Structure formats: C-alpha cells, structure tokens
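The values are calculated or read from the model by the stated rules, or taken from the named source; none is laboratory data. Note that the coordinates shown come from a computational prediction; the quantities given were computed from them, not determined experimentally. Cβ placement follows ideal geometry from the backbone for every residue including glycine, while neighbour counts extend to all protein chains displayed.
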Amino acid sequence: MHLWDRRDEVALDSVRAVLTKKCIAKNVTPPTTATLSALVRGSDELRADWSNMLDHQLPTLPALDGLLDRLDDVLGWIDAPRPTPVPLAAVASASGERLLAPRGGYYWGGGQRLELVRFAGANRLKIAFTYDGKARIAEPYSLRRKTTGNLVLYAWENGARNIKAFNTAKMFNVATTHESFVPRFRVELTG
C-alpha cells in the first residue's frame, strides 16, 4: 500500500515492467490484481495474526477489512496505469502557502504529536480532535504553512461539504480513530 500511496513519486510503469521480467526469468506467471487480491483475502493466517503481530507496534491498528477494501485499488497498478487523486494544490495553494509534512518529533497545538496525524493519513484513518471547544472527526490530508506563519491541517470533517483548514495551534486532544476513509484528494502527509 505504501508504494500505491506514493505513486506520484514512483514510476509504476517501470516497476510493472521489472516485476514482469523478474517473474518470467524465474518461470513464474506474472501476478494480476485478481490473483494477488484473492491470495491476500483468502489468507486465514493474515486474519488470525493481524492483531497479535501489529497491535502492540502501532498507535491505532487499522481495521483489516478497511485495508482489504482498498486492496483492488492499491494493486490495480499491476495490471495497468491508474489515475492518481487530485492534489490539494488545486484547492489550497492559491494563497502562496507551502506544503509541509515534517517528519516526527514536531509538537503543536496543546503538545500533540504531529506523528499521529501523519500515521492516520498514511493508514487512511480518521482523526478525532477538539477545535474551538468542539469535538470533531475528520479525514487528514495535508499540512501547509500559510504566509501568516500558521501551520494548518487540511482535513475533511465528518458532515462537511468541503475541505477545511484547521489552525493546528487550536487543535487539542488529537487521536487516531479506527474509522477508515477513502481519500477524496491525495493524502500529502506521508512525505
């Protein structure tokens, strides 16, 4: 899934060609989306060990069924080129803000770790947080530094009709949820 989430940075056509050549060299039939998807979905071992193997390593364990729901989209590049989601630049960059997805160790808004938001975005999990005294749940997409210096999180709040910019200095009690989402835009938190 990591490769698919970074498809705008990776030449998937080249990866597909190398995979096919390697399979042919090893006398293995090149896989298709359908064959790999069936193999993964049919794995009793995966279902049995999902929680035991990963729960202690992650802040929130993504639901296996949520990840399996994305499997055909994620593996689809093996069969043919796939369209990429619209970048938020079309929505957010008109004001001169710059994309910002800093790596771990950055703290903001009430001492919350930015890494939780990055983790949620990378795993397509919604986040819960308090903003202006109101509890909210949203799909995280992008962090940007405004020309004012404010760091904003672009997220699609549950029940909203458009994406919103949340000033991270006003965000408190940030946590990942177990609720997954299908991205409406390219998630820019994994850089």
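The conditions are (1) in a loop (DSSP other than H, G, I, E, B); (2) of a type in the set (A, V, I, L, M); (3) modelled with pLDDT under 85, and V28 fails exactly one of them. Which is it?
For V28, the failing item is (3).
Table: residues versus (1) within 16 Å of the chain's Cα centre (by Cα); (2) surrounded by 14 or more Cβ atoms within 10 Å (Cβ to Cβ); (3) at pLDDT 85 or above.
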position	(1), (2), (3)
G133	no, no, yes
N167	no, yes, yes
V174	no, yes, yes
E179	yes, yes, yes
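Restricting the search to the range 117-141, which residues are aliphatic (A, V, I, L, M), over 11 Å from T177 (Cβ atoms) and assigned to a helix (DSSP H, G or I)?
Here is the first cut: in the range 117-141, the residues aliphatic (A, V, I, L, M) are 117, 120, 122, 125, 127-128, 135, 137-138.
In the following step, the residues that additionally are over 11 Å from T177 (Cβ atoms) were identified as 117, 122, 135.
Within the range 117-141, V117, A122 meet the criteria.
Considering every residue within the range 64-72, establish whether at least one is loosely packed, with under 13 Cβ neighbours inside 10 Å and modelled with pLDDT of 80 or more. Steps first, please.
Quick first cut of the range 64-72, residues loosely packed, with under 13 Cβ neighbours inside 10 Å only: 65.
Subsequent filtering for residues that are modelled with pLDDT of 80 or more retains 65.
Yes; the residues of the range 64-72 include at least one that is loosely packed, with under 13 Cβ neighbours inside 10 Å and modelled with pLDDT of 80 or more.
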